[in-house]
Structures are given as C-alpha cells and as structure tokens.
Amino acid sequence: MNNKYMTLIQCLDPLFPTGSYTLSNGMETYTQKGIVGSEKTLKEHLGSYIYMLSFNELAFAARSAQGCSLEWLDELLTAVKAPSELRSGSIRQGTRCMKLVAELADCPRLREYHALTHSGKCSGHHCIAIGALIQDTGTELADGLCLYGYSLLSAMANHAAKLVPLRQLDAQSALAEALKLIPSAAETAVSVPDSELGSSFCGFDIRSMQHETLFSRLYIS
C-alpha cells in the first residue's frame with residue numbers, strides 16, 4: 001500500500017477538515033418532516049441515496065479519474081446541481097480539499113484542477129477533485145469509488161443519528177446494510193452514459209431546496 005493511497009484514505013475521512021460535518025445534504029429536511037425517523041427508514045433512505053450518487057458524485061468522480069476534461073465536467077456539474085446549497089457546498093468542500101492536499105502530496109491532476117479553479121475557469125467541485133485524486137494515487141477505479149461511496153454514506157448515517165436522534169447502533173446497522181449496495185453503485189457510475197450524468201432525483205433536490213427555508217436548522221445544507 002503506497003503513501004499516496006493513504007492520502008486518499010485521509011482525504012475521505014469524515015474528520016478531514018473540508019467542512020463535510022456542516023453539510024447534511026438534505027437529511028435535516030427529511031428528519032424534520034418525519035420521513036427519516038427510524039433505523040428502517042434510514043436504511044431505505046441510504047439505499048436510495050447511494051443509487052442517486054451512482055449518476056452524480058460517483059459518476060463524476062469516475063469520469064475525472066478516467067481523464068475526462070476537467071473543465072467540461074466542472075461546467076456540467078455546476079449546471080445540473082440545481083439546489084444552491086448543494087452546489088455551493090460541493091464547491092466549498094472541493095476547493096478546501098485541493099488546498100489541503102497540495103500541502104500533503106504531489107498530485108498532478110489534482111494540481112491541474114486546483115489551478116483551473118484558482119484561475120476562475122472551474123468552480124472546483126469535491127467529487128471531481130476526488131476523482132483526480134483517485135487517478136493521482138494510482139488507486140483501482142472500483143476501489144476508489146467504493147471508498148468514496150463509503151465516506152458519503154457514513155457521513156449521512158452519522159448526521160441522521162444526531163438529527164432524529166437514533167442510537168449509534170441503529171445508525172450503524174442501517175449503514176451496514178447500505179454498504180452492500182456500494183459495489184453495484186460504483187459499477188453503475190463507471191458505465192453511466194454522458195447523457196445521464198447528473199440525472200435529477202427530484203425528491204433529494206426538493207428536500208435540499210426546502211432546507212434553505214427551514215424554521216431552524218443545524219446544518220448549512
């Protein structure tokens with residue numbers, strides 16, 4: 001296991017300071033409306049969420065890792081990510097991630113994306129940065145996408161545990177079931193045609209938009 005792979009693991013750790021702990025990605029709305037309020041409903045939500053990710057974050061990360069144009073990917077993702085909080089959150093995480101990794105390791109593709117973002121040619125989305133890091137670390141694409149999928153599901157489960165609230169055991173049980181779906185989601189992400197990149201999943205988008213006007217909230221998104 002090389003040091004660059006360890007950098008990828010470090011960057012996908014929920015404690016890595018990119019601000020992911022401030023983003024619920026719509027979960028706060030789901031819990032306030034009572035849609036997610038138990039181990040069972042969290043399990044269902046995580047299953048739907050990982051399927052959605054296979055056309056969105058995981059798919060864009062896959063394209064980035066495969067060497068697609070960073071400017072094209074960035075422009076497309078900025079256009080299709082409709083909820084403003086999710087779009088701005090993705091950019092904040094991405095720019096912070098690139099800045100931190102620049103201090104930790106020499107990653108040419110990630111450095112290229114960072115330069116494009118710094119020049120204003122790109123916005124700097126997190127999933128595209130992670131895809132670049134997967135390529136730079138020489139990680140097998142499927143393994144990198146599975147690791148990324150785990151980090152996203154783990155964060156969502158932990159947010160739900162705090163918001164519902166749920167016992168940590170219940171949240172981890174729901175997460176354990178959802179993790180079984182990650183390899184299939186990663187496989188889908190690699191094969192998604194360009195025309196389906198960023199496909200909208202209306203429920204997730206609507207709950208994220210509703211989050212902007214919640215009476216009270218703990219998270220930015």
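Which parts of the stretch 103-130 would a label at N2 reach, counting a residue when its backbone N lies under 14 Å from a point 7 Å out along Cα-to-Cβ?
105-110
I need the chymotrypsin sites (Phe, Trp or Tyr not before Pro) found in the stretch 123-221, filtered to DSSP loop residues with at most 15 other beta carbons within 10 Å of theirs.
Values: sites: Y148, Y150, F201, F204, F215, Y219; in loops: F201, F215, Y219.
Passing sites in the stretch 123-221 are F201, F215.
Carbon and sulfur atoms: what percent of the 1.4 Å accessible area of the chain do they account for?
The computed percentage sits at 54.
Of A161, A102, A174, which has the largest mean-square fluctuation in a 10 Å C-alpha GNM of the chain?
Between A161, A102, A174, it is A102 that shows the largest mean-square fluctuation.
Using only DSSP helix segments of four residues or longer, with each worth -39500 (n - 2.57), what per-residue ellipticity at 222 nm results for the chain after dividing by its residue count and rounding to 500?
-20500 deg cm²/dmol
Within the chain, what's the longest run with no trypsin sites (Lys or Arg not before Pro) in a DSSP loop and at most 11 other beta-carbon atoms within 10 Å? Give the range, please. Can you show the working numbers first?
Values: sites that count: R167, K180.
Result for the longest clean stretch: 1-166.
Which of the lysines could be linked to K43 by a straight reach, that is with a Cα gap under 21 Å, when you skip same-chain ones fewer than 8 residues away?
Of all the lysines, those that pass the test against K43 - Cα under 21 Å, at least 8 places apart if same chain - are K33, K162, K180.
Once you order the gyration tensor axes a ≥ b ≥ c over the Cα atoms, which shape class does the stretch 67-136 get: rounded for a/c under 1.5, otherwise prolate or oblate by comparing a/b with b/c?
Since a/c reaches 1.5 and a/b is larger than b/c, the shape of the stretch 67-136 is classed as prolate.
Once the Cα atoms of helix 39-53 and of the chain are each reduced to a long axis, what angle between those two axes, in degrees from 0 to 90 to the nearest 10, is obtained?
Tilt of helix 39-53: around 30 degrees.
Take the Cβ-Cβ distance between A176 and T213 as r, set R0 to 35 Å, and report the resulting FRET efficiency rounded to the nearest 0.05.
For A176 and T213, the calculated efficiency is 0.55.
Please return the longest stretch of the chain lacking exposed loop sites, where GluC sites (Glu not before Pro) count only if DSSP places them in a loop and at most 13 other Cβ atoms lie within 10 Å. Please list the in-between numbers first.
Details: sites that count: E103, E140, E212.
The longest uninterrupted stretch comes out as 1-102.
The values are calculated or read from the model by the stated rules, or taken from the named source; none is laboratory data. Keep in mind the model is a prediction, meaning the values are calculated, not measured. Every residue, glycine among them, receives a Cβ derived from its backbone with ideal geometry; neighbour counts consider all protein chains shown. The area values use the complete protein model at the heavy-atom level, side chains included, leaving out ligands, DNA and RNA. Shrake-Rupley method; radii C 1.70, N 1.55, O 1.52, S 1.80 Å.
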